[in-house]
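The values are calculated or read from the model by the stated rules, or taken from the named source; none is laboratory data. The model shown is predicted, which means the values in this text are computed figures rather than measured ones. Here Cβ is always computed from backbone atoms with ideal geometry, including for glycine, and neighbour counts include all displayed protein chains. Just the protein is used for accessible areas: all its heavy atoms, side chains included, with ligands, DNA and RNA removed. Shrake-Rupley method; radii C 1.70, N 1.55, O 1.52, S 1.80 Å.
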Amino acid sequence: MLSLLTFPTGFGLFSMSPFCIKSALMLELSGQPWQRSDMLDPTEMPHRKLPVLETPDGQIADSDGIRDWLEGQGADFDTGLDASFRAHARAWVRLAEYHLGLHLLQMRWNDDTVWPEVRDQIFQPVPEPMRDEISAPVRREIQAGLHWQGLARFSKADRMHRLEQDLKPIAALASERPFLMGGSITSADLSVAPFLISMLHTSEASAVSKRLRGDKVLCAYLSRVFETVPLP
């Protein structure tokens, strides 16, 4: 049986990591038997990251690597799509993971209003008196990365404007069809939905979470995805 090495549950979700949620969705759709194996410290893993899939071929790192391996076993996460729509699906994957992902990092690690909740979720196994000391250097490293990338340099209003430019086209598609590429779940949904639901559930105090909670179209879309592919 395959074993998905994943960050634990958090924020009421299968995993604290949207990449781990994505990998679990792919495993469910692949039809392969699998189980979860939770861990908090991935420093011994390839690339020092999760998810990692334990397979008969060895460890497969990263959600993209997991997708490639599962497709090599016969899975097709873009069934029914022609080359043009497969290209569009790939673009949605990259938008989710490289832009929505940055906004998720920003709201979790760089918003002082939200940070106490995030700290207590992610560092829950650390005794409370030590959480600030243990979490502070991790937070500083992520904040430095967000500043280097540039998102953290914008005002809150500018960041929300940029996020809105992503959410509106997602909602436009979700209002016309069950899933982003049409009537069936594809790779686009397997990336977009985990990031949106992670934003939605991170903190009621977050402006991003409030924005998503007020969007009936996107909330209905997320319900369709996770009702169609329920996770254990």
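Assorted remarks:
- Single unsatisfied condition, residue 48 versus (1) at negative phi; (2) basic (Lys, Arg); (3) out of contact with any helix residue (DSSP H, G or I) (no Cβ under 6 Å at 6 or more places or on another chain): (1)
- Filtered residues of the stretch 66-81 (kept if under 21 Å from the mean Cα position of the chain (by Cα) and under 8 Å from residue 186 (Cβ atoms)): 77, 78
- A single member of 156, 210, 168, 216 is surrounded by fewer than 21 Cβ atoms within 10 Å (Cβ to Cβ), at pLDDT 95 or above and under 15 Å from residue 96 (Cα atoms), and it is 168.
- Pairs with Cβ under 6 Å, 6+ apart, first in the stretch 201-221 and touching a residue at least 24 places away in the same chain (Cβ under 8 Å), second among the aromatic types (Phe, Trp, Tyr): 201/11; 202/11
- The number of residues in the stretch 84-106 being of a type in the set (D, E, K, R) and open to solvent by less than 60 Å² (accessible area, probe 1.4 Å) comes to 1.
- Only listed residue being touching a helix residue (DSSP H, G or I) at 6+ places or on another chain (Cβ under 8 Å) and within 17 Å of residue 106 (Cβ to Cβ), chosen from 180, 190, 200: 200
- Members of the stretch 204-231 found to be assigned to a helix (DSSP H, G or I) and of a type in the set (A, V, I, L, M), listed by number: 207, 208, 212, 217, 218, 220, 222, 225
- Selection of the stretch 27-54 for residues being of a type in the set (Val, Ile, Thr) and either closer than 18 Å to residue 97 by Cβ or in contact with a strand residue (DSSP E or B) (Cβ under 6 Å, 6 or more places away or on another chain) (or both) yields only 52.
- Qualifying helices (runs of 4 or more DSSP H) (wholly inside the stretch 114-178; at least 2 residues being touching a residue at least 60 places away in the same chain (Cβ under 8 Å) and within 23 Å of residue 200 (Cα to Cα)): 115-122, 156-176
- Extreme residue, surrounded by the most Cβ atoms within 10 Å (Cβ to Cβ), among residues of the stretch 19-69 that are among the acidic types (Asp, Glu) and not in a helix (DSSP H, G or I): 62
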